Amino acid sequence: MDDSAVNRRLCELMLRRLGYGPEFAVDGQEALERQQLLDPDLILMDVPMPRPDGLEATRRIRAATGRPLRPWIVAVTAFSSAEERQAALQAGMNDVLAKPLKAEALQASLVAAHARCRPSSP
């Protein structure tokens, strides 16, 4: 979810190259609605966005689902100080990627998500 059309398009192109079919929201409220409707495995969440911001949207998703690993929520933000990273993780995000988003970092985060969220073998 990102409130910038340019950032959404760049993210879409990267995700499609990696074999994903992304859906997008333009603000926190739409992100919450799409999460309830689609129940995605992964959410890329901008932090500073309107109605509510990404931190609050993540808190609401975690409260509604009660699951810490699904959906896997990755903060994608231009603000990447240690304090901001910690705030994202405390809100319930699983990873933090800095803008401008790099394909290698995105792919590494997705690999980590698959590794952590994959059901264990019996």
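General remarks:
- Ranking Pro48, Thr58, Tyr20 by Cα position along the charge dipole of the stretch 5-117, where only Lys, Arg, Asp and Glu carry charges on their C-beta atoms, puts Tyr20 farthest toward the positive end.
- Relative contact order (%) - the stretch 5-117, alpha-carbon pairs under 8 angstrom, separation at least six: 22
- Charge-dipole axis of the chain as Lys and Arg at +1 and Asp and Glu at -1 on Cβ define it, positive-most pick from Leu97, Ser80, Ala112: Ala112
- Of the residues Ala75, Ala57, Ala98, the one that moves most in a GNM of the chain with alpha-carbon contacts below 10 Å is Ala98.
- GluC sites (Glu not before Pro) restricted to DSSP loop in the stretch 1-75 with at most 16 other C-beta within 10 Å: Glu23
- For the chain, the mean residue ellipticity at 222 nm estimated from helices alone is -15500 deg cm²/dmol, where every DSSP H run of n ≥ 4 contributes -39500 (n - 2.57) and the total is divided by all residues, rounded to the nearest 500.
- Charged-residue dipole, Cβ positions (Lys, Arg, Asp, Glu), the chain about Cα centre, Debye nearest 20: 380
- Listed values (1) 43, 32, 32; (2) 88, 25, 20; (3) 67, 29, 17 include one computed from this model; for Cα extents along the principal axes in Å that value carries the label (1).
Every number in this text was worked out from the coordinates using simple rules, so none of it is lab data. Bear in mind the structure is a predicted one, so any value in this text is a computation, not a measurement. For neighbour counting, all protein chains shown are included, and Cβ atoms are generated from backbone atoms with ideal geometry for every residue, glycine included.
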